[in-house]
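Right, one structure below, let's go through it.
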Amino acid sequence: MSQPDLAFVRTEQAETLPAPISNVGAFGWMREHLFSGLWNTVLTILGLYILYLLIPPLLNFAIFDAIWTGEDREACLATAGGHVGACWPYVDAKLDQFIYGRYPIEERWRVNIVFLLGFLGLVPLAIPAAPFKRFNAIFFFGIYPVISVVLLTGGGFGHPAWLWALIVLLTLAAAGLALLPVFVGQAKVEDQLPALGMAGMVFAVPAAAVWLMTVDFGLEPVETPLWGGILVTLVIAVTGIVASLPIGILLALGRRSDMPMVRLVCIIFIEFWRGVPLITILFMSSVMLPLFLPENVTFDKLLRALIGVAFFASAYMAEVVRGGLQAIPNGQYEGARALGLGYWQMMNLIVLPQALKLVIPGIVNTFIGLFKDTTLVLIIGLFDLLGTIQLSFTDPKWSTPVTSHTGYLFAAIFYWIFCYGMSRYSLYMEKKLSAGERR
Amino acid sequence: MAVQDGIESSQKASSFIYDPKVRSLFSQAVLIAVLIWLGYSVVQNTIANLERQNIASGFGFLDTTAGFAVGQSLIAYSEASSYGRTFVVGLLNTLLVSVIGIAIATVLGFIFGIARLSNNWVISKIAYVYVEVMRNLPLLLQIFFWYFAVLRSVPGPRESITVFDSIFINNRGLKLPKPLYEPGAGLVGISILVAIAAVWLLRRWARKRQMATGEQFPVFQWAVAILFGLPLVVFYLTGSPVSFEYPELRGFNFQGGLTIIPEFVALLLALSVYTGAFIAEIVRAGILAVSRGQTEASYALGLRPGPTLRLVVIPQALRVIIPPLTSQYLNLTKNSSLAVAIAYPDLVSVFAGTTLNQTGQAVEILGMTLAVYLTLSLLTSALMNWYNRRVALVER
């Protein structure tokens, strides 16, 4: 009767077995990502083969076979049957030239100060958490360019009468506009004091800048043909950045304006500069601009290129900013108007702060493009970093078969670090700015 | 009375200087006045400057003999040709490098864009490195690299690298066999066109039949058979009317054959590799923009990854891809002007460069050059807008 109870019931749960070795850890990862099928395995082998073709020669050239010390070309010439890599002593010998061009050696501290100030101005501007953004922006976009011009050129320009006349004329026009309500009997002078203050700024700011440039600080003047290398690259890039942002914003606002003539002018301007290659613009600024100006006005070659680059970058910037303006919902515009704000108040206080924040990644991407495009100035005979490197190949002291490869590798590393850094920053800002939407 | 006074004074308060219409008219009038003054002074200065420098004006120079040779020309050109012909030669060279560059860049971009999303770690990392390196290096540096560093270190004619004894690579360029057409070659050309038309019709018929009956037809295999078979059959029937002239080493250089100049190769490589990196990012973003549900639904219906990509994901991704792709094509065309840095005879190099230096007529020459690029820009964007409208989502 009492048959033994054969059924066995476990009272506790069995130990979990580890996952099969083929599914976890390095092995499982490799199985899934490298050898998940025949096709994938073929691809992996192909990829590894490509890497084998590319990586070892590059490393050999840049590091293992490279020459690290030497005085002149003798060090970098291939010994009989030997394989020679990069000629780094050449870069070392030319490094000062790559940074400053032919800028006089005893004056190079001025360039260093400009680099340092630029760094100190730009870094806090780029860090979202850094305080005093407004002053920082005024410094970087207003004060820094003037200081740089004075330091780099030596300042002490002549007194151009027409410039002063223009400033006075603009000031009078601004004051006239400010006092217009008084003339037509609509307001008292006291009411218009803030507007008069604005008119005073129209005078004070350019006047201060012009005055700074005319004062002789006792700095040795340095002609721009002596500038070169990274100095010229950064001067062009920073000018493009500093000029393109305000002009681009104005153009974008103009393109979305209700006034048909303003809109038309802005559209033509933007589409013209965006439709033609930068190199033709540089040709234009170097060949055609002198024809457009009166006989006695002559521009420096670098300044002409800077004007071309600034307009070119502004047109691209305008399209980026326009994208931001379009992304602001209509309710924001209507709300601002309902509060009784005028056009400029609405733009300054409500729309632009939101729109510009939205397009920071786009702005940074425009800067990356601009930074790469600075190399084009070597075609019109200015010596930026690439131009200086290209020029240094002609030096018989360092003429070897590997000189040009080394020079290009150095340039590539420099440009890559800057551009990749900026693109990482743009990605970081994009993530940070979209944090609000990703709930 | 007092109330009426109040109304009157408040009406008076809205003076014309606060009227938005008046303000807008005034600002526009000022803008136009300033522009007219600027334009007028520019024209005046230019005329005065040209007279002082004794530079001729007008387009008469286009008929003058150019007197310089051009390294590559798609049409007959000699030193006796006119500047007008130089312009056409430059324009054709620009178009040639742009069109081929666009084709290669698109292929590279799609390969690397899809590879970047590959499940295969090695492949996806290679694509990532390609994109990040090429995108972040100046194009001019890349052109210099290919031209001065790579193509210059290729051996001279006597030590040419050779493929099947018919293609030779040396520092004078790339030598290819040159096709010679004999009578009857036209028929082969026609047969190629007929084959293309036949494939197009076959595809339409197959799609119609599949819609009607659900039966599939192996279009791809048939298309390959027709495209290669028909011209081959015609080729042999007409007695092989196309022969090749092979380049031969005579003395210090090659004679005969088709020469592709190193400038072209360097420019083409740099342009397509550079733009390809941008296109790869566009393709990746476009594919990622197609929601994951589409892929999952497609798998649920039983489609394998290949057809899913081809039939579900890519058609939808194209909508996102086309607009930025257009601007990349435009960029490539505009960037082809960097040819001037290595003296590839494109429009900017031979026309805005050499011709400008010889004649000094900056206004006319740069005006024509700018007009060409503006026209190309507008044409491309018009074409792409048309295509974009066609593939755009039709909302019902």
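At full extension, residue B:246 and residue B:76 could sit 59.0 nm farther apart than now, given 0.36 nm per residue minus the alpha carbon distance. Excluding ligands, DNA and RNA, the accessible surface per residue across the range B:239-365 is 40 Å² with a 1.4 Å probe. Between the beta carbons of residue B:68 and residue B:261, assuming R0 = 22 Å, the FRET efficiency works out to 0.90 to the nearest 0.05.
For the range B:242-396, calculate the relative contact order in percent as a whole number, restricting contacts to Cα pairs under 8 Å that are 6 or more residues apart. Rounded, it is 21 percent for the range B:242-396.
The modelled label-to-label distance for the pair residue A:63/residue B:19, using points 7 Å beyond Cα in the direction of Cβ, is 7.7 nm.
Under the rule a/c < 1.5 gives rounded, and otherwise a/b versus b/c splits prolate from oblate, where does the range B:194-233 land using the Cα gyration tensor? Note, shape of the range B:194-233 comes out prolate.
Once the Cβ-Cβ distance between residue B:378 and residue B:99 is put in as r, and R0 is 25 Å, what FRET efficiency do you end up with, to the nearest 0.05? Show your work: numbers first, answer last.
Details: r = 17 Å, r/R0 = 0.70.
That gives a FRET efficiency of 0.90.
Residue separation of residue A:348 and residue A:51 scaled by 0.36 nm, minus their Cα-Cα distance, works out to 101.7 nm of gained length.
Looking only at B:48, B:105, B:317, which one moves most when chain B is put into a Gaussian network model with springs between Cα atoms under 10 Å? Largest GNM mean-square fluctuation: B:48. Computed over protein heavy atoms with a 1.4 Å probe, the accessible surface of the range A:25-65 works out to 75 Å² per residue. Cysteines of the protein assembly as shown lacking any other cysteine beta carbon under 4.7 Å? Lacking a cysteine Cβ partner under 4.7 Å: A:266, A:419. Contact order, relative form, for the range A:214-352: 32 percent (alpha carbon pairs under 8 Å, 6 or more residues apart, mean separation divided by residue count).
I need the chymotrypsin sites (Phe, Trp or Tyr not before Pro) found in the range A:21-103, filtered to DSSP loop residues with at most 12 other beta carbons within 10 Å of theirs. Mind dumping the intermediate values first?
On the way: sites: A:27, A:29, A:35, A:39, A:49, A:52, A:61, A:64, A:68, A:90, A:98, A:100; in loops: A:35, A:68.
Those satisfying the criteria are A:68.
For the range A:188-268, carbon and sulfur atoms together expose 74% of the accessible surface, with a 1.4 angstrom probe and every protein chain in place. Taking the charge dipole of the protein assembly as shown about its Cα centre, with +1 at Lys and Arg Cβ atoms and -1 at Asp and Glu Cβ atoms, the residue from B:197, B:228, A:135 reaching farthest to the positive side is B:197. For the chain pair B and A, the buried solvent-accessible surface (1.4 Å probe, both sides summed) amounts to about 4900 Å².
Taking the Cα centre of the range A:295-439 as origin and assigning +1 to Lys and Arg Cβ atoms and -1 to Asp and Glu Cβ atoms, the resulting dipole is close to 520 debye.
Let me check against my output: what whole-number percent is the relative contact order of chain A, with C-alpha pairs under 8 Å and at least 6 apart?
17
Oblate is the label for chain B, because a/c, from the alpha-carbon gyration tensor with a ≥ b ≥ c as root eigenvalues, is 1.5 or above and a/b does not exceed b/c.
The modelled label-to-label distance for the pair residue B:222/residue A:35, using points 7 Å beyond Cα in the direction of Cβ, is 4.3 nm.
Semi-axes of the equivalent ellipsoid of chain A are 52, 40, 19 Å, computed as sqrt(5λ) over the eigenvalues of the C-alpha gyration tensor in descending order.
When the charge dipole of chain A is built from unit charges on Cβ atoms (+1 for Lys and Arg, -1 for Asp and Glu) and taken about the Cα centre, the candidate among A:311, A:270, A:175 whose Cα reaches farthest toward its positive end is A:175. Scaling against 2.2 N^0.38 Å puts the C-alpha radius of gyration of the range A:220-330 at 1.23. Note on residue A:327 and residue A:11: with the Förster distance fixed at 56 Å, the Cβ-Cβ geometry gives a FRET efficiency of about 0.30.
Counting only protein heavy atoms and a probe of 1.4 Å, the accessible surface of the range A:25-65 is 79% carbon and sulfur. Across all directions, the average projected area of the convex hull around the alpha carbons of the range A:25-65 is 3.5 nm². In the protein assembly as shown, the DSSP-assigned H stretches of four residues or longer account for a calculated mean residue ellipticity at 222 nm of -20500 deg cm²/dmol, using -39500 (n - 2.57) per stretch and the full residue count as denominator. The amide H of residue B:55, built 1.01 Å from its N in the peptide plane, has no neighbour under 5 Å, considering only residues 5 or more places off or on other chains. Surface composition of the range B:161-306: carbon plus sulfur atoms contribute 67% of the solvent-accessible area (1.4 Å probe, protein chains only, all chains present).
The label-point distance for residue B:208 and residue A:179, in a model that sets each label 7 Å from Cα toward Cβ, rounds to 8.3 nm. In a simple Cβ point-charge model (Lys, Arg +1; Asp, Glu -1; nothing else charged), the protein assembly as shown has a dipole of about 2220 debye relative to its Cα centre.
Packing, taken as the mean count of other beta carbons within 10 Å per residue, orders the peptides B:202-213, A:118-129 from highest to lowest as A:118-129, B:202-213.
With 0.36 nm allotted per residue and the present C-alpha distance subtracted, the residue A:307-residue A:161 stretch has 50.4 nm of extension available. In this structure the range B:145-218 gives 69 Å² per residue of accessible area when probed at 1.4 Å with all protein chains present.
The values are calculated or read from the model by the stated rules, or taken from the named source; none is laboratory data. As the structure is a computational prediction, the values presented were derived from the model and not from experiment. Every residue, glycine as well, gets a Cβ built from its backbone with ideal geometry; the counts of neighbours run over all protein chains shown. For accessibility, only protein heavy atoms count, side chains too; no ligands or nucleic acids. Shrake-Rupley method; radii C 1.70, N 1.55, O 1.52, S 1.80 Å.
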